[in-house]
Amino acid sequence: LPTDQILFEINDDDGFTIAELHIGETVLNQWHITDIALQDKSKPLGINDMNAGYAGLGGNIFNEIMMNIETCARKSGVKGLCLLAYLPAHRRVFEKHGFKIMSDKQMPKDTIESAVRAQSGFPMCKKL
């Protein structure tokens with residue numbers, strides 16, 4: 001996959017992004033998930049909330065997306081998935097899907113660069 005390939009984006013009639021998935025550069029035979037979003041337009045979060053935006057859709061939709069990412073990656077010969085979980089709540093969600101915190105030496109360069117730009121986050125990977 002090319003760098004920052006948008007695998008899918010679903011928008012409502014007003015152009016609001018309900019769901020999207022971006023895969024970044026393939027490094028060390030791993031895909032870097034640069035963005036995954038599932039947001040419920042009917043549930044805006046307070047302006048003081050660290051998640052700023054909308055509550056996630058999550059649940060079965062998220063589980064199905066993760067299963068499809070893994071299936072697609074395996075069929076492509078990819079051996080792992082990496083991402084940056086920005087908040088502790090996100091970290092817990094990805095841990096439930098088998099991701100683990102990794103050291104800088106184990107992470108693709110673009111995942112580490114994302115963490116530096118964000119000045120926070122949990123670099124995580126999952127072996128397939």
Kindly indicate the residue of the stretch 60-73 that is among the aliphatic types (A, V, I, L, M) and touching a residue at least 12 places away in the same chain (Cβ under 8 Å) and also most open to solvent (accessible area, probe 1.4 Å) among those meeting that condition. 61
Would the stretch 44-59 turn up any residue that is modelled with pLDDT of 75 or more and surrounded by 12 or more Cβ atoms within 10 Å (Cβ to Cβ)? no
Members of the stretch 74-103 that are within 28 Å of residue 16 (Cβ to Cβ) and either free of Cβ contacts under 8 Å to residues at least 24 places away in the same chain or in a helix (DSSP H, G or I) (or both): 88, 89, 90, 91, 92, 93, 94, 96
Quick check on residue 113: is it at pLDDT 80 or above and assigned to a helix (DSSP H, G or I)? no
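The values are calculated or read from the model by the stated rules, or taken from the named source; none is laboratory data. All of these numbers come straight from a predicted model, not from anything done at the bench. Don't worry about glycine lacking a Cβ; one is built from the backbone with ideal geometry, like all the others, and counts go over all protein chains shown. All accessible areas refer to the heavy atoms of the entire protein, side chains included, with ligands and DNA or RNA removed. Shrake-Rupley method; radii C 1.70, N 1.55, O 1.52, S 1.80 Å.
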